[in-house]
Each structure stands twice: as structure tokens, then as C-alpha cells.
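See structure below.
The values are calculated or read from the model by the stated rules, or taken from the named source; none is laboratory data. The structure displayed is predicted, hence computed values, not measured ones. Backbone-built Cβ (ideal geometry, glycine too); neighbour counts: all protein chains shown. The protein model used for the area step is the full one, side chains on, heavy atoms only, and it has no ligands, DNA or RNA in it. Shrake-Rupley method; radii C 1.70, N 1.55, O 1.52, S 1.80 Å.
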Amino acid sequence: MKKTITYLGIGLFCVALFACEEAFIRDEYDDNAVDIFNSMWTTVDENYSFFDLKGIDWDAVYEANRPRVENGMRRDSLFNVLADMLFVLRDGHVNLQAGFDLSRNWDWYLDFPQNFDYTVIERNYLADDYEITGPFRHRAIDSIGYIYYESFEDDFSESIVDYLVTSYASRINSNDDTLIFKGLIIDVRDNGGGSISNVNTLVSRFADERRHVQNWQYKDGPGHNDFTEPIKKYAEPEGAFQYNGPVVVLANRSCYSATNFFVQIMKNFPNVVVMGDSTGGGGGLPINRELPNGWTYRFSSTVTTTVAGENIENGVAPDIRVDITDEDKQAGRDTILEEALELIGQVFDEQINGGA
């Protein structure tokens, strides 16, 4: 009797297993692949913001990929077709999320020198006596403040940013000669972006006055050039203290999205110099959409330009281009940081001698 029950239990288990396997196999295929493909193509066609800037023929993309799609195809195959279609946009803000994979195009930094190694910074510049204040790591190097900020996703309070800027405030015109900070370096290399709110809070401590720094446009129609009129964006002083000493912002190709905005805004201030490589870009705010099968995707739907009308989607050029040399890399030196330290020292000396 026990054997009968055992065999019966095994038989029922096998039936259930095969039923689950059959359901899983069916789930690997999609009977609505064509509708899903058309849904994504049409939504992107009517809402994406950089077709003309990048010279993309979206109709040609449809013609090239539509023959690859048929109802009943495997879901992973459908995912690959959609991912290939989105890859053409050359946009780090464009992704397709299906649970089992995330499509992306990261050529905006992969094809360029890194120009940054945090291990070198930590071991040879921050050493073991730096401060960690919220998400910021900082210390004085040769009487120059150095602040490293890894990600604009990491929030900070108003009091934290006030502490930072006052800690390294320049005292060029002060009679207090016990400690003179010559200037400030803000290192955002490898900062992939995050919150625009954090950008606005940080730049407000360097704004010398209310300045028009950007223009934003939003898609407002299905045509590729259907945008709102430019909306002016301003940076203005906030907090109890604004830093007016020499400032150098360090950037590389891995600066993206909100960091791209930060670097471009900082270039508007007269005491700020951007050094290093161009940023990776990301000048459009992304929106999220869902496909009929539940997969989600996002893409850029706004345009950001400088006051002069330059689109920042493909990156912001530095004021002074510097690459890390192979010799310095081998020696554990950061060429870009060294150049920034030298530049601030020169500016400081010129100000002192000019005031003598």
C-alpha cells in the first residue's frame, strides 16, 4: 500500500512538473510580437527628442528590423530585435528592461580613455586623513581644497554643502595668514548622474549672481521637431555663503546625465574652469513607458541647450583638455589633478602679486 501511494505521488508530481514545464515553454514565446514591436517603434517615433541631432532615419530602422519579427517568436529573440533597434539611438538614457536582461548603449564612454582611477586618488592623494562628509570625500592638498563626489544619486543636506564650501573658503584678501586656501577642486569624474535637485543645490554655492544657464524644451507633438518654446533655466546664489575663489571642475567621459548638467552649468561662472575630457553627455530627461507584454523601456524626451544654443546631448567640452599620461599612470600620478593643482596655484600667485 505504501508503495502504491509512493508511485502515485511520483506520478502526480511528474504530471505537475510536465505541466509547469509546458507552461514555461509557452511563456518563452510571444503571440503578440508584431504588436509589441510596432508599439515601441511608434512611441519612440513620436516622443524621442534627438533624431535630427544624431541624423537617425527612424523609418529606415523600422524597415531593417520589422522583417525580423513574427508572432510566436521566442521572447529572448524579440528582446534582441527591440534592443538592436534602440541601440541605434546612441543614447545612455535609452534602456529596455525585461527582467532577464537590460539593453543599453554605453559607447559614449567605452570608446574613450577613462582618465580616472579612484585607487590612485585614494592611495596617493586622499591618503588616510581625509574627511567623509555625507557623500563627499575631501581634504586639503597643498593648501587647495579637493572634493570628490561619486554620484548625484547620493543626497546631501544644505548644511553639508555649506560646510564644504566654507571649509575651503579662499582667504586671499584676509589678514589671517594662519591658513590660506588657494582654491577648490571638485572632482566628478566617473559620476554617472542622478538627481537634478542635487545639482541645483551644489551649483547654488558657486553662483555669483542669478544667471541664465540653460534652456529646456519638451516634446509636445508627434513630429520629430514638435517641441515647446525654450524654457529658460537659472542658477542663483543660495545659502549663507557663495564660494568665489578659483574653482576647477574635473570631468571625464563617464560624466553623464545630471553630471553633464552640473559641468555645463558650472562653466557659466567666471571663477570656474572645467578640466579633463569632455563629458559623456545625456542632455535629455528620460521618460518611462510599458509594452503590452509588461516590459518597460525609457528614452529621452527633452532637449537641453546652453544659452548660446548648443545642444549638450553629446557632451560638454572642457575649458582645458588634459589626459592622464601613460608615464603618470605607471607612477600612480593623476595628470589631470596635478594640472588642476598647478593652475590654481598660478591663479593664486597672480592674484597675490596683482594685489601687492
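How would segment 207-355 be classified by its alpha-carbon gyration tensor: rounded, prolate or oblate, with rounded meaning a/c under 1.5 and the a/b versus b/c comparison settling the rest? Oblate, since a/c reaches 1.5 and b/c is not below a/b.
Using the alpha-carbon positions of the chain, Rg (one decimal) and Dmax (whole number) come out as 26.3, 107 Å. Surface analysis of segment 228-356 yields an accessible area of 43 Å² per residue, using protein heavy atoms and a 1.4 Å probe.
Compute the Cα gyration tensor for segment 41-109, then decide on rounded, prolate or oblate, letting a ≥ b ≥ c be the square roots of its eigenvalues: rounded whenever a/c is under 1.5, prolate when a/b is larger than b/c in the other cases, and oblate in all that remain. Taking the square roots of the gyration eigenvalues as a ≥ b ≥ c, segment 41-109 is oblate. Farthest toward the positive end of the dipole of the chain, out of 218, 330, 246, is the Cα of 218, where the dipole comes from beta carbon charges about the Cα centre. I'd like the distance separating the alpha-carbon centroids of segment 304-356 and segment 210-246, in whole Å. If we compute the Cα centre of each part, the gap is 24 Å. Protein heavy-atom accessible surface, 1.4 Å probe, per residue over segment 27-110: 47 Å². Here the chain exposes an accessible surface that is 48 percent carbon and sulfur, computed with a 1.4 Å probe and the other protein chains kept in place.
Once you have the alpha carbon radius of gyration of segment 32-179, what is it after dividing by 2.2 N^0.38 Å, with N set to its residue count?
Numbers: Rg = 24.4 Å, N = 148, 2.2 N^0.38 = 14.7 Å.
Output field value: 1.66.
Indicate, rounded to the nearest 5 percent, the antiparallel portion of the DSSP beta bridges found entirely in the chain.
Percentage antiparallel, nearest 5: 60.
Could you pull out every whole DSSP H run in the chain that spans at least 15 Å of Cα extent along its own axis and averages -0.5 or higher on the Kyte-Doolittle scale? Result, helices passing both filters: 2-27, 33-47, 75-87, 335-355.
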